[in-house]
Amino acid sequence: MLRTASLLIAAFLLACFPAAAMADWSKLQTPHFLFVGDAFEGQIRRIAQRLEQFRDVLGRALPAGATSSPVPTVVIVFGSARSFAPYRPQFEGRAVEAAGFFQSGEDANFIVVNASTGEQAFTTILHEYAHSVVSNRTGSLPAWLNEGLAEFYETFESRSGGRSALIGLAPAHHVQLLRGSTLIPLRDLFAITSSSSDYNEGRRRGVFYAQSWALWHYLYFSGEPRASQLNRYVLEAPIAVSQEALSRLRLARICNRSKPSCETT
């Protein structure tokens, strides 16, 4: 199985990337991921370390088996915007502003990241891995829920030399954007899909991501039983989310006050 998967991954890489370009690529195998790319080896190692730490924390914070994957995960790390540009997601013939993306597959999952974005590369890799965890367990979620979850978990910070971690601090850029923007009506937010313009382009794209984060953040820190129901819905999808009930939430409360973060040791 593993050998077959490795051969399929190799075939995919050869099909998508010129052999001449791949000659200068580095490869790093960690316990749970395969990293390849044209970024500096040190960049790839730092991204690999952060992702393995993140996976370990999620494995302890989420229900048992949440981080298990039936297929290998390949992380492709580009060292520059130029090398990443040909592979950026497209919307209506134009490249989407993105520092990375996740692509699921029957034989392997792929996470692609532009390492030249600096610190954003680390949050991007965590964001895309959160999508991978969801994909492995449920296949798909509504866009607002999928992105809100990923935006929440990308706030992961390793503390005390890796002995503890912090997840859930409010990103300043999201709070600032929400305070200065007209919010998307919740019925419209719930109707947005990956093919919607608000998901792919313009200022409203930023509002969509920020508002999705805020709603997830609010629900997660609303106490029991709502927090457990939310995690159960994401990982097992045994309950339905009532859009009418969610529409009664007042997002202004989220944008104008801070909420606690969750810490795991």
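At a glance:
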{"quantity": "Selection status of Arg55, in a helix (DSSP H, G or I), surrounded by fewer than 17 Cβ atoms within 10 Å (Cβ to Cβ) and among the basic types (Lys, Arg)", "calculated": "no"}
{"quantity": "Test result for Gly65, free of Cβ contacts under 8 Å to residues at least 12 places away in the same chain, assigned to a loop (DSSP other than H, G, I, E, B) and among the small types (Gly, Ala, Ser)", "calculated": "yes"}
{"quantity": "Close pairs from segment 125-137: first over 19 Å from Arg88 (Cβ atoms), partner among the polar types (S, T, N, Q) and in a helix (DSSP H, G or I), Cβ under 7 Å, at least 6 apart", "calculated": "Val134/Asn146"}
{"quantity": "Selection within segment 101-128 - part of a helix (DSSP H, G or I) and not small (Gly, Ala, Ser)", "calculated": "Thr117, Glu119, Gln120, Phe122, Thr123, Thr124, Ile125, Leu126, His127, Glu128"}
{"quantity": "Identity of the residue in segment 200-227, modelled with pLDDT under 90, part of a helix (DSSP H, G or I) and charged (D, E, K, R), that ends up farthest from Leu141 (Cα to Cα)", "calculated": "Arg203"}
{"quantity": "Per-region count, segment 150-186, residues assigned to a loop (DSSP other than H, G, I, E, B) and under 21 Å from Phe122 (Cα atoms)", "calculated": "8"}
{"quantity": "Index of the failed condition, His131 passing every other in (1) not in a loop (DSSP other than H, G, I, E, B); (2) not assigned by TED's automatic domain parsing to the domain that holds Val74", "calculated": "(2)"}
{"quantity": "For Asn146: the one exception among (1) more than 23 Å from Gln120 (Cβ to Cβ); (2) in a helix (DSSP H, G or I)", "calculated": "(1)"}
{"quantity": "Segment 125-158, residues that are among the charged types (D, E, K, R) and out of contact with any helix residue (DSSP H, G or I) (no Cβ under 9 Å at 6 or more places or on another chain)", "calculated": "Glu157"}
{"quantity": "Selected residue (only one of Ser197, Ser261, Ser242 is over 23 Å from Thr138 (Cβ atoms) and either modelled with pLDDT under 50 or surrounded by 15 or more Cβ atoms within 10 Å (Cβ to Cβ) (or both))", "calculated": "Ser261"}
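The values are calculated or read from the model by the stated rules, or taken from the named source; none is laboratory data. From a predicted model like this one, the values you see are computed outputs, not experimental measurements. Because the Cβ atoms are built from the backbone with ideal geometry, glycine has one as well, and the counts that use them run over all protein chains shown.
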